[in-house]
Structures are given as C-alpha cells and as structure tokens.
Amino acid sequence: MSLPVIPAPTTMTTSHESFTLSSESAVAVQSPELAGPAALFVREVRLDTGLTLVPPVIRDRTAATVPPDATPAAVTVLIGDEGLDDIPSAAGVRADGSDVDERHGLEITSEGVRVWGPTPEAVHRGLTSLRQLITAHLQDGTAVLPAARIVDGPRFAWRGLSLDVVRTFHAPAEVRRVVDMLALYKLNVLHLHLTDDQGWRVEVPSRPELTRVAAAGAIGDRPGGYYSTHELAELVAYAADRYVTVVPEIDMPGHTSAVFTAYPELAPAELRTIDLGNGNAIPLNALEPGRPETWAFVEDVLDAVVPQFPQSAYVHIGGDEAWGMADEDHAAFVDKAAALVRARGKRVVGWQEIARANLGPDDVAQYWISIDLDAADAGNGPVPPKDLLPILVEHLRKAKGDAPKALAAGGRLIASPTTWLYFDRPHGDASSDPAQEEARQRLGLEFYGPATLRDGLDWDPVEDTPGVTSTDQLAGIEAAIWCETITGPDDLELMLLPRLPGAAEKGWSHQTPTDWPMYAARLAEQSPAWRTRGWTWLQSTEVDWK
C-alpha cells in the first residue's frame with residue numbers, strides 16, 4: 001500500500017493495523033526543545049483539517065512514572081537517530097549555512113504514533129508527513145491512520161521557491177501563506193526577489209527615496225509597496241518557526257530602472273531602451289562599476305539589507321540579463337559586489353550569469369536558462385518577441401557556458417530550469433472549473449509555452465543540468481514564480497498549486513524517476529487541506545481530486 005505523502009519517502013513499510021486520532025488525542029514531547037515543533041504541528045493540523053488535538057505536554061523520557069491525571073499520549077515526539085544510518089545525508093548546501101540533519105522516522109502502530117529525529121527540524125519534517133496522513137484519512141472528525149513505518153531524509157539540502165514581489169507586490173499576509181505552502185512540502189527556502197526595474201521592496205534608511213519613490217510602482221498600473229523592517233522581521237521569524245530560510249535578492253547591475261527613478265545620479269548618462277511595439281520596452285541600462293557613487297550605493301544597500309535576514313547565510317546579487325552592458329563591465333561589477341557581500345560575512349548566490357565573473361568555491365550560481373536555442377532557431381521552440389530576438393540570441397549563446405564555468409571554479413549550482421521549474425509558464429492542464437479556464441488563458445508568459453503537471457515531474461536535477469554528473473555539484477533546486485501576468489493572491493496561488501508539491505518531489509525524494517500515476521494519486525489526497533485552508537489551486541482534469 002502506498003501512503004499519500006509528498007515528497008515520496010525514502011523507505012516505507014505498511015501493515016493492515018491502524019490507529020485512530022481524535023480530538024481527545026494528546027501529543028507528548030520527550031524533550032523541551034521539541035515543544036515548539038509539537039505546538040506548531042497541533043496548530044497546523046487544526047488549520048489543515050479542523051481536528052484539534054490535545055495541546056502538547058513535555059514528558060521527560062527518563063521519568064519513572066506518568067502523572068495519574070495525564071492524558072495518554074497518542075503521538076510521541078522525541079530526539080533520536082534509530083534506523084537513520086541507512087538514509088543518505090543530503091547533498092548540497094543549506095541556505096542557513098548549517099549542516100542540520102533533517103533525516104527522521106515516523107512509526108504508526110495499533111498502540112500509537114512515534115516521530116523521531118536527531119534535531120528539532122528533523123522531527124518537524126516527520127510531523128509534516130504525519131499532517132498529510134491525517135488530512136488524507138480524516139472522516140467524521142477522526143483520522144484512522146494505517147500502520148506504517150517511514151524512515152526518510154532529503155536528497156538535496158536547498159529546496160526552495162523564488163518569489164517575485166516586484167512586478168506585483170504581495171502583502172506580508174500573502175507571503176506567509178506561501179511560506180505555509182512551502183513548509184507543508186518540506187521546502188526550506190523562500191528567495192525573495194526584492195528589487196527590479198518595476199519597483200523596490202525593502203527599506204534602506206540611508207536611501208529614503210528607494211521606498212518613497214522606487215517602491216511606489218509595480219508593473220503597469222498595479223499598486224506598489226514595500227516591507228518595513230518590522231514587517232520583514234515578522235516574516236523572517238514566521239518562516240524560521242517553520243524551518244524556512246528567507247534569502248534576500250538585490251538584483252544588480254541590471255534590472256535597476258527603479259533605482260534610477262529614485263536616484264537619477266546613479267543612472268548612465270544615456271538611458272537606452274528597446275521598444276517591443278506592444279506598449280512595453282526593455283531597458284538596456286545598468287549600474288556602472290567605474291563610478292564611486294555606484295559602490296557607495298551598493299554598500300548602503302547591503303548594510304541595510306543584510307541585518308534584516310539573520311537566518312540567511314547568503315545574499316543573492318542577481319547578476320542576470322545585464323543587456324547592453326559590456327562583458328568586462330559586468331564581470332567587474334559582479335566581482336566587486338561579491339567581495340562586498342563576503343566582507344559582511346555572507347556567501348554569494350546569483351543567477352547563472354555571475355559565472356562569467358570570477359566565482360569562488362563557496363559561491364552558488366542559479367542555473368535557469370534551459371531554453372534550447374538551436375531548437376528555437378529551427379522553429380521547434382518558443383519564439384520571443386521579434387524586437388527582442390537579437391538580444392536573446394546573444395544572451396542564450398553565452399549562457400551555454402555558464403553552468404560548466406561555475407562548476408569548473410568549484411562552485412555549486414541551484415537547479416532552477418525554465419523548462420521545468422518556472423511557474424510563470426502557462427498551465428498546460430485544463431481545469432474542471434470554468435472560471436479557472438478563463439484565468440488560464442491570461443496567466444503565464446506565452447513565450448515559454450505551456451507546461452503540464454506531469455511535465456514538472458519528467459526530469460531529474462542531475463541528469464538535466466548541464467555539466468552536472470553528481471548530486472554533490474548541486475546546492476539543490478529552486479522553483480521560480482515571476483509575476484508579469486499575476487495580478488493578485490488568487491492568481492499567484494493558482495500558478496503555485498499544484499506545482500509546488502512537484503518541485504518538492506524533485507528536491508527531496510530519492511525515488512527517481514517519479515511514477516506519474518502514483519504521484520497523481522498522492523497529489524489528489526492533498527486537496528482537502530488546501531480546501532480547508534482556502535488556498536486556490538488549478539483543479540487539473542488530469543488528477544482525480546479527493
């Protein structure tokens with residue numbers, strides 16, 4: 001019997017026995033450091049299902065007796081490493097820079113439930129699997145859980161989502177909903193794309209015009225906004241409680257039109273654009289590395305931003321699509337920006353184009369350009385807007401060398417291929433909901449072509465990343481959602497779900513390749529929790545939703 005857990009566990013056995021959880025079931029914690037994960041588990045089960053378990057109590061495992069008035073424990077959580085030696089350690093690096101072990105065990109017998117791991121985070125991951133099982137087996141206020149033993153751990157250490165909050169500004173409450181989605185599928189990184197041509201979303205006290213002027217806009221006539229230091233502190237803490245690290249991105253030297261609006265003195269003497277003929281234009285402007293005022297600005301920004309993300313060992317410096325900038329200027333900029341990040345005690349991550357500078361072994365390049373230029377030239381791939389084609393052709397040809405060059409420098413890659421992990425691709429699956437069919441026609445960039453849920457499973461991070469031959473060369477995987485066509489929370493969630501679980505499957509599960517019919521059956525069991533939480537998801541006709 002297969003259990004409806006996403007991502008698929010490393011090892012799993014089942015039997016015909018069962019154990020029933022109800023509102024009278026208690027959670028016992030055998031170590032004080034697990035009180036937080038256990039309390040969060042009880043809260044999340046209630047939000048997933050409406051089932052309210054008895055709040056957790058700490059019961060020292062060395063105690064000789066249990067208090068006579070104590071409710072018998074239905075779920076026991078503890079620190080331990082039983083049976084974990086056969087589970088491979090995660091490959092790659094974590095966004096928080098630690099080596100925390102996420103391997104864990106979950107056992108359900110007719111006597112009760114036991115969850116264990118060597119760290120609180122590991123126990124949290126095991127409780128997350130239990131949450132999914134409770135959702136799938138809840139009926140009339142009780143969950144009859146099948147007896148099972150799961151021993152599990154992640155394939156990759158870095159498993160995340162890059163969220164564009166610039167082209168459409170997403171308020172803190174909506175970002176927290178996204179964090180909840182990540183946590184439910186053991187994704188552990190939220191990469192916030194905080195700056196771009198359309199706006200600026202983070203406070204820099206020494207540069208007030210960034211939030212007064214640059215933050216006012218978004219794409220088109222959408223309202224702008226920014227996150228105050230207080231709002232970001234709350235968001236970062238909320239994510240940390242769910243073992244999600246928030247990584248900030250300050251995109252530079254390109255994608256800086258909003259900066260030039262706020263501080264025109266930082267702009268090139270001549271601003272250039274390419275008219276796309278549809279009311280939009282592509283800027284060909286960037287911060288110039290030869291000007292002292294450029295670096296005064298970058299240092300001000302880093303000094304303000306780095307302390308706001310204390311859990312992140314990394315700062316993302318962008319580095320992508322610096323169109324119109326000479327290669328040597330781009331490399332010089334990346335080299336100096338990276339040095340400034342390292343001087344502040346952080347590690348460097350950037351889009352794959354940073355490999356054209358001088359990377360070090362601790363640097364991470366984010367591979368994203370998986371478009372096959374030769375196929376596009378032959379008329380077999382997506383065709384970009386005509387006026388943009390010459391620039392893209394040049395960029396794509398250079399991009400072929402990025403991943404191999406990063407690996408040759410001893411760095412690692414994050415696999416974020418456009419083909420499989422860009423969630424701004426149109427949905428290829430039809431929806432059973434007519435209103436969603438209307439939304440499906442306007443959401444996603446046509447240039448990329450549509451992608452089905454099955455497409456998101458039919459690839460492998462090692463086999464399909466150029467130059468990669470082993471898991472050790474990857475930091476992990478990261479999906480990306482860009483918001484050119486996304487106008488608000490419902491659009492965002494419709495493009496994220498049900499795709500996020502598929503990304504989690506690729507980042508966590510050691511079971512490759514993924515069997516689509518079995519995965520679709522597991523995915524179908526997720527919908528009751530989404531429905532209870534009020535999340536929007538594409539009701540694909542390819543899945544028999546529960």
- Task: Mind telling me which of the residues Arg125, Arg114 ends up being charged (D, E, K, R), free of Cβ contacts under 8 Å to residues at least 60 places away in the same chain and more than 19 Å from Ser312 (Cβ to Cβ)?
- Result: Arg114
- Task: Please work out which one of (1) at negative phi; (2) surrounded by fewer than 19 Cβ atoms within 10 Å (Cβ to Cβ) is the condition Gly534 fails and give its number.
- Result: (1)
- Considering the range 198-212 alone, what residues qualify as being assigned to a loop (DSSP other than H, G, I, E, B), surrounded by fewer than 24 Cβ atoms within 10 Å (Cβ to Cβ) and touching a strand residue (DSSP E or B) at 6+ places or on another chain (Cβ under 8 Å)? Glu203
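Does Ala122 fit the bill of being among the aliphatic types (A, V, I, L, M), outside any loop (DSSP other than H, G, I, E, B) and farther than 19 Å from Leu187 by Cβ? Reasoning before the result, please.
On the way: among the aliphatic types (A, V, I, L, M): yes; outside any loop (DSSP other than H, G, I, E, B): yes; farther than 19 Å from Leu187 by Cβ: no.
Against the criterion (among the aliphatic types (A, V, I, L, M), outside any loop (DSSP other than H, G, I, E, B) and farther than 19 Å from Leu187 by Cβ), Ala122 does not qualify.
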- Message: Please list, ordered by residue number, the helices (runs of 4 or more DSSP H) wholly in the range 378-426 having 3 or more residues that are in the same structural domain as Ala480 (by TED's automatic domain parsing) and modelled with pLDDT of 95 or more.
- Response: 402-408, 418-421
- In the range 1-53, residue nearest to Leu457 (Cα to Cα) [restricted to those that are loosely packed, with under 14 Cβ neighbours inside 10 Å and β-branched (Val, Ile, Thr)]: Thr13
- Only unsatisfied item for Val144, checking (1) of a type in the set (A, V, I, L, M); (2) under 19 Å from Ile250 (Cβ atoms); (3) surrounded by fewer than 24 Cβ atoms within 10 Å (Cβ to Cβ), is (2)
- When Gln366 is evaluated against the numbered criteria (1) touching a residue at least 12 places away in the same chain (Cβ under 8 Å); (2) surrounded by fewer than 16 Cβ atoms within 10 Å (Cβ to Cβ), which criterion, by number, is the only one it fails? (2)
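The values are calculated or read from the model by the stated rules, or taken from the named source; none is laboratory data. This is a predicted model, so every value here is computed, not measured. In this analysis, Cβ positions are derived from the backbone assuming ideal geometry, glycine residues included, and neighbour counts consider all displayed protein chains.
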